[in-house]
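Below you'll find the structure, written out as structure tokens, and then a few comments.
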Amino acid sequence: MKTETRQEEIIRVAAKLFKEKGYSAVTMRDLAKAMGIKAASLYNHINSKQDILNAIIISLAEEFTEGMKLIQSSNESCIDKLKKIIELHVRISSQNIYGMASLNNDWMHLEEKLDYYQKLRVDYEDDFRIILKDGIASGEIVNAQPEVMMFSILTTLRSLYIWVPKKEDLNLVELSNTLNQILVKGINK
């Protein structure tokens, strides 16, 4: 297993603090205290709190974008692509619960990277929408409003970081399968 660098540790601890208090409420002093070091020592590894937020949010947004591009470009059915999107969200959310809180709640605090983040998000949602529209056109997916379908599915997936930590013995494969059943197939008997 790869050893965590000091910079990675700072980002990990900051993500936890951002989730607990919110990005705006966390100071570099708070972060240093949580790490048991002097605030000045943080600057040996990072330039600013903004750089930490960029690292957290942009890395996750890029990971989602890369995953979506692979899914969207595959030859799988639209339903299978939706299942893969759910698996992607379950995997990334379960591995990054603190970072996901920043991605969902603190993205608007990005400064230099805000436009880049928003483009990643729009591209991701465009790819999602294309999968839904292609599924409707091929008859795989019910002919309903793609925007509403996307909103419903993504709202659930984007909030997994809140729910996942409360489950001690969570089986990620089982969670993905259950979400696929509910979000893709529905709850009709």
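Quick note: the coordinates plus some simple rules give every number you see, no bench work behind them. Computed from a predicted structure; not experimentally measured. No Cβ is skipped: glycine too gets one built from the backbone with ideal geometry, and neighbour counts run over all protein chains shown.
Over the chain, what is the relative contact order in percent, taking alpha-carbon pairs closer than 8 angstrom and at least six residues apart?
About 26 percent, as a whole number.
Among Gln181, Leu160, Ala25, whose Cα projects farthest towards the positive end of the dipole of the chain, with charges put on the beta-carbon of Lys, Arg (+1) and Asp, Glu (-1)?
Among Gln181, Leu160, Ala25, the one farthest towards the positive end of the dipole of the chain is Ala25.
What ranking, highest mean first, results for peptides 51-61, 124-134, 169-179 when packing means the other Cβ atoms within 10 Å averaged over each residue?
Answer by packing, highest mean first, reads 51-61, 124-134, 169-179.
Evaluate the charge dipole of the range 124-189 about its Cα centre and quote only its size in Debye, nearest 20, assuming +1 on the Cβ of each Lys and Arg and -1 on the Cβ of each Asp and Glu.
Its charge dipole is roughly 240 debye.
Rg and Dmax of the chain, using alpha carbons, in Å: what are they?
According to the Cα coordinates of the chain, Rg and Dmax are 18.5, 60 Å.
Under 25 Å between alpha carbons, and skipping anything fewer than 8 positions from Lys21 in its own chain: which lysines qualify?
Lys33, Lys38, Lys49, Lys113, Lys166, Lys167
Using 0.36 nm per residue of separation minus the Cα-Cα distance, give me the extension gain between Leu114 and Ser159 in nm, one decimal.
Using 0.36 nm per residue and subtracting the Cα-Cα distance, I get 14.1 nm.
Return the FRET efficiency for the residue pair Lys166, Ser73: r is the Cβ-Cβ distance, R0 is 30 Å, and the value is rounded to the nearest 0.05.
0.30
Divide by every residue of the chain the summed helix terms, -39500 (n - 2.57) for each DSSP H run of at least 4, and state the resulting mean residue ellipticity at 222 nm, rounded to the nearest 500 deg cm²/dmol.
After summing the helix terms and dividing by residue count, I get -22000 deg cm²/dmol.
In straight Cα distance, which lysines are under 21 Å from Lys84, not counting same-chain residues fewer than 8 positions off?
Output for Lys84: Lys69, Lys133, Lys185.
Tell me, what HN-Hα J-couplings in whole Hz come from the Karplus equation 6.51 cos²θ - 1.76 cosθ + 1.60 at θ = phi - 60° for each residue of the range 107-116, using x for Gly and Pro?
Going residue by residue, I get 4, 5, 8, 4, 9, 4, 9, 4, 4, 4 Hz, with x marking Gly and Pro.
Find, among the trypsin sites (Lys or Arg not before Pro) in the range 9-50, those assigned to loop by DSSP (not H, G, I, E, B) with at most 13 other beta-carbon atoms within 10 angstrom.
Here the trypsin sites (Lys or Arg not before Pro) that fit, given the DSSP loop and packing criteria, are Lys38.
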